[in-house]
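The values are calculated or read from the model by the stated rules, or taken from the named source; none is laboratory data. Predicted, not measured: the structure shown is a model, and the values here were computed from it. Quick reminder, even Gly has a Cβ in these numbers, built from the backbone with ideal geometry, and neighbours come from all protein chains shown. Remember, those area values only see protein heavy atoms, side chains included, never the ligands or the DNA or RNA. Shrake-Rupley method; radii C 1.70, N 1.55, O 1.52, S 1.80 Å.
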Amino acid sequence: MRETLSLLFYLVRLRVRTRLEFRASLVIAWTAQGFGYAGVFTSIWIILTRFENIGGWSWPQMALFLGFHTLGYALGACFTLVQLRGMEEIVRGGEFDMLLVRPINPWAYLVFSGFNIEYGGHILLGLGLIVWALPQVGIVWSLPSALMLFGGLISSAFITASCITVVSACALVLQRARYLFGLYFDFWELSRYPASIFAPVFQLALLTVIPLGYMAYVPVSVLLGRPVPYLGAFAPFASLAAGPLAVLAAAAFWRFCLRRYQGGGG
Amino acid sequence: MSAFLALVSASFRREAHHRSQMMMRIVGTLIEILARISIWHAVYAGRGAVDGISIGQMIVYALIGGTLLSSWDATMIVRDIGTTIRTGAIGSSLLRPASYPMMLMAEQLGTRLFDWLFISVPVIVIMGLIYGLQPPASLPHCLLFIGYLAVSVVIVMLTAMLVGLFSFWVFDAHSLEWFMRGLLAVLSGGLVPIWFFPGGLAEVARALPFSWITYHPMAVYLGQHDLFWSVQHLLIGLGWVAALALAVVVVWSRACRQVVVQGG
């Protein structure tokens, strides 16, 4: 176990050092990605300046929501997205067969050897929005609310990593998964807005089978003391438990697909 | 011209082969449009009209603006150019008896036509049946809207090509793609119409060519401007098309001098 952990840490260090060889490119990538997100957030800000609220959420509350969503996503995606998005090419090209004969778990190898530090822009933007919004939304700080903030962020990162793992695992069986990532991101975009503005069927979906509602909507609602439909008083616990439960489900699904993997052919 | 049409047709047929992918994209677009309509329902709650725009008009804006007039394809063009440069495929593209920007335009046009027919139209029909779809303000507005639609798609493609061609110097199409995505998200009026923008930002956004991608076509469809204004702005849009096309030609001719093919 100790050797495995040190190997994974070594893989991460190698990856980071490689990426840091091109520092200017890295800074441009951070700026560009931050700018891309800022464009969408500006659109939301414009709606809020003109209409004052979206489903009862003011701009400072939405800023906290968007910051939380962006930061949670970045923390999960830096370990998974770029590495697993190309899973169908890895499978069809036969690279996955080679990973299977290595003395390390193939998922762990893919995830840690491809650790992506290009999410700096997301992290800075997410943190910036949270730091700007927190003093304005009147949260009464206590140990449970601090736990909700940090635990909710970790849970959000877990949900992101789990969803990406589940989608990529489909490539082990179907040999195609890239278009499923498109679908994942369509639901992910839904989770950038308070779930309460959607029809009940989508609210339920975001709180159950597609648990992206726990990325920001549930934890930020709990922090702000807003009621969460369907969850009620159970919302704080559900928010913290959603991430670990998603990890367990994703691990089970990965193993399920791995057992049915028959090679990429060719 | 026949080569151009052959490329458009080949690209169209290539898209038609991936049926499961097409179904997923229809579902994805339905979800995206649902999100947009839900936002407008949420912000219009209890209000009749805002700045003379009703919720019904905003639903049409979300529906057509998010499908036929979407700027999403633009990022795909930048990505394609970046891949062509990074993999060295640009060398073989230069050997072909047609200019690379023209081939790119034809391929993207084929994809776009496919999207309009098999993704946008079904989504508009489904969501229109659920939420209702207002027709264009009048027949002349409808005819002008078709002209604006053509201007919109050409401006999206030329802008994306122009941005993508800068990959010859910066070698990082991924970052260029993100910059463009952020820019178009606001300035095309794709999510929020420019009539809701604060004063100064609205003036700037209206003057830039990006507003011909979604905002101006939808304003014409909804009859927000009279016919004289609409024709005048269609001509301005065509002027932007000419200016962007000229910029692409100039940048492409300079980019060609950057290419160094190593061995074989």
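What do you reckon, how do A:Leu84, A:Leu11 stack up by accessible area (1.4 Å probe), largest on top?
Descending order: A:Leu11, A:Leu84.
With a cut-off of at most 12 other beta carbons within 10 Å, and DSSP calling the residue loop, which chymotrypsin sites (Phe, Trp or Tyr not before Pro) in region A:99-174 qualify? Please list them.
Here the sparse-neighbourhood loop sites are A:Trp141.
Mind checking the angle between helix B:139-165 and chain B's longest principal axis? C-alpha axes, 0 to 90 degrees, to the nearest 10.
Helix B:139-165 sits at roughly 40 degrees to that axis.
When only alpha-carbon atoms count, how far does chain B stretch along each of its three principal axes, as whole angstroms with the largest first?
Sorted from largest, the Cα extents of chain B read 68, 42, 34 Å.
Compute the orientation-averaged projected area for region B:82-170 from the convex hull of its Cα atoms and round it to one decimal in nm².
8.1 nm²
Rounded to a whole number, what is D in µm²/s for region B:1-154 from Stokes-Einstein with the Kirkwood radius over alpha-carbon pairs (10 °C, 1.306 mPa s)?
Rounded to a whole number, D works out at 90 µm²/s.
Taking N as the number of residues in chain A, what value does Rg over Cα atoms divided by 2.2 N^0.38 Å take?
Compared with the compact-globule rule of thumb, chain A sits at 1.05.
Report the Stokes-Einstein translational diffusion coefficient (µm² s⁻¹, integer) for region B:119-199, Rh taken as the Kirkwood radius over Cα pairs, at 25 °C with viscosity 0.890 mPa s.
In µm²/s, the coefficient is 157.
Please state the relative contact order of region A:2-259 as a whole percent: Cα pairs under 8 Å, 6+ residues apart?
Worked out over region A:2-259, it gives 26 percent.
Which ³J(HN,Hα) values, rounded to whole Hz and listed in residue order, are derived for region A:27-40 from phi using the Karplus coefficients 6.51, -1.76 and 1.60 in 6.51 cos²θ - 1.76 cosθ + 1.60 with θ = phi - 60°, glycine and proline given as x?
These are the phi-based 3J(HN,Hα) values: 5, 4, 4, 4, 4, 4, 5, x, 5, x, 5, 4, x, 5 Hz.
Looking at region B:169-264, which trypsin sites (Lys or Arg not before Pro) are in a loop (DSSP not H, G, I, E or B) and have at most 11 other Cβ atoms within 10 Å?
B:Arg257
Let me know the charge dipole size of region A:1-142 about its Cα centre in debye, to the nearest 20, where only the beta-carbon of Lys, Arg (+1) and Asp, Glu (-1) is charged.
280 debye
In whole angstrom, how far apart do the alpha carbon centroids of region A:215-266 and region B:1-46 sit?
After rounding, the separation between the Cα centres reads 28 Å.
Two decimals is fine: what is log10 I(q)/I(0) at q = 0.15, 0.20, 0.23, 0.29 Å⁻¹ for region A:34-97, from a Debye sum with one equal scatterer on every Cα and no solvent?
Those come out to -0.62, -0.81, -0.94, -1.16, one per q.
For region A:122-221, just the Cα set please: Rg and Dmax, both in angstrom.
15.6, 50
Take the Cα radius of gyration of region B:56-127 and divide it by 2.2 N^0.38 Å, with N its residue count; two decimals is plenty.
Taking N as the residue count of region B:56-127, the ratio is 1.43.
For the protein assembly as shown, what is the convex hull (Cα atoms) projected area averaged across all directions, in square nanometres?
26.9 nm²
222 nm [θ] for chain A, helices only, -39500 (n - 2.57) per DSSP H run of 4+, per residue, to 500?
-24500 deg cm²/dmol
Please state the Cα pair-distance histogram of region A:1-79 with 10 angstrom bins from zero: what percent is in each bin?
15, 31, 25, 17, 10, 1
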